[in-house]
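Beneath this line is the structure, given in structure tokens, with notes to follow.
The values are calculated or read from the model by the stated rules, or taken from the named source; none is laboratory data. In this text the structure is predicted, and so the values were computed from the model without any measurement. All Cβ positions, glycine included, derive from the backbone under ideal geometry; neighbour counts span all protein chains shown.
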Amino acid sequence: MNTATVARTQVPDIAGKITYAMRTMGVAPIPRNYQLFYEAYIGSNPTLTRELAALGSRATQQEIDEIGAKYFANNPGGVIEGAHSRILTELDALLRLLKQEQTSLESYNRLLGETYSRIDTKNQASADLLQNAISILSEATGRTMAHGQRTVMNVNERSAEMDQVRKELDEYKRIANTDSLTRLYNRRAFDDKLATLYNNPMNVPITALIIVDVDHFKRINDMFGHPVGDKILASVAGVIRSTLRKDAFVARAGGEEFAIILEGNTVEEVSLVCDRLRSTMELTPFRNSRTNVNYGPVTISIGFCMADQANDPGELYSKADIALYCAKDGGRNRALQFNDEMKKDFSKSWLIYK
């Protein structure tokens, strides 16, 4: 028997009678309604009793709330929308599911997306909210506060447990969406972000997709080896991240290619950002501090496209990719914005320039 079931079986007979009466009248079994019907049941306020009876079997929540506001205007319980049993049941179900899924990183990532909004401890599962709800139920049913306090302690413990689960879920999501080499977002996270760019039409004209590619990276790998190439990529990622503002979305899209999504910038501002990024990279020393071997200079080519130049995420990526191809084909170490004159069948032939 779970915690919510135990709580229900311990409610005195009077609670069952009141709940039955509320159900018969079609009244929602929430604490503020329960409080009104409790007062009506014990006859503490004959006027209240008569007004509730006058509503009949078709009472609306608005009509009930109007009566509640009249007689309990200063009662903080009037704003509480849930009871502890429902929330405890929700926590139980989620914890059981987490234990079942604990061996699968992909399952954790999916689970987070499905349940994150339901485990915000600052809202529906907050200890303060639950304590208020339990206080009302305890007073209304005539139970001693001892039981309510024990329940609150249990809820606090479960809230702490849920908070830990939430932190673990955040960490699993971070790992699942992070490129292990550069510590930037990975391709999966980039695809998810790209897919949302057209959800808000107001933001489309001030959103840009920027694709960055390291020039002659194959040459770097051939000359110095892949371990050095990996360090170069990690350093390039650091330069990109430090050059852009903190809210820019930066991902390693694959290999030596990086993707940047800028929101809230005009085309002129995006162009300046791209040029600053290109020049910063060119001036950054890439040198082994122990052996003094110089791996540089390292340059990048950049292609970008404003979101309002495309109709959907796929077209946006394609056009930014074409702009990158033109930057490569035009000599590398440059940044170009897509324009319609760039359209041609290049069949990814720019790969030979890497």
Study note, to complete from the structure: Residues of segment 264-302 being assigned to a strand (DSSP E or B) and either among the hydroxyl-bearing types (Ser, Thr, Tyr) or in contact with a helix residue (DSSP H, G or I) (Cβ under 8 Å, 6 or more places away or on another chain) (or both), in sequence order, are ILE300, SER301, ILE302
Check your understanding: Taking the stated definitions as given, is ALA251 in contact with a Cys (Cβ under 7 Å, 6 or more places away or on another chain) and of a type in the set (Gly, Ala, Ser)?
Key -> no
Review point. For segment 221-239, which residues satisfy the criterion of being touching a residue at least 12 places away in the same chain (Cβ under 8 Å) and either outside any helix (DSSP H, G or I) or under 13 Å from GLY255 (Cα atoms) (or both)?
Key: GLY229, ASP230, ILE232, LEU233, ALA234, VAL236, ALA237
Practice item. From the list VAL212, VAL239, VAL228, pick out the single residue that is modelled with pLDDT of 90 or more, touching a Phe, Trp or Tyr at 6+ places or on another chain (Cβ under 6 Å), within 21 Å of ARG332 (Cβ to Cβ) and β-branched (Val, Ile, Thr). Key: VAL212
Check your understanding: Is one or more of the residues making up segment 259-270 farther than 27 Å from ASN177 by Cβ, touching a residue at least 40 places away in the same chain (Cβ under 8 Å) and not polar (S, T, N, Q)?
Key -> yes
Practice item. Please work out if ASP192 is part of a helix (DSSP H, G or I), modelled with pLDDT under 95 and out of contact with any helix residue (DSSP H, G or I) (no Cβ under 7 Å at 6 or more places or on another chain). Key: yes
**Study point:** Condition check for PRO285: in the same structural domain as LEU324 (by TED's automatic domain parsing), touching a strand residue (DSSP E or B) at 6+ places or on another chain (Cβ under 9 Å) and modelled with pLDDT under 95
**Key:** yes
Review point. Are there any pairs, at least 6 apart or on different chains, whose C-beta atoms fall under 9 Å, with the first in segment 292-316 and assigned by TED's automatic domain parsing to the domain that holds SER235 and under 16 Å from VAL239 (Cβ atoms) and the second among the basic types (Lys, Arg) and assigned to a strand (DSSP E or B), and if so, which?
Key: TYR295/ARG287; GLY296/ARG287
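Conditions tested, residue by residue: (1) surrounded by fewer than 21 Cβ atoms within 10 Å (Cβ to Cβ); (2) modelled with pLDDT of 95 or more; (3) closer than 22 Å to ASP247 by Cβ.
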residue: PHE258; (1), (2), (3): no, yes, yes
residue: GLU269; (1), (2), (3): yes, yes, yes
residue: LEU272; (1), (2), (3): yes, yes, yes
residue: ASP275; (1), (2), (3): yes, yes, yes
residue: ASN292; (1), (2), (3): yes, no, no
residue: GLY296; (1), (2), (3): yes, no, no
residue: THR299; (1), (2), (3): yes, yes, no
residue: ILE302; (1), (2), (3): no, yes, yes
residue: LEU316; (1), (2), (3): no, yes, yes
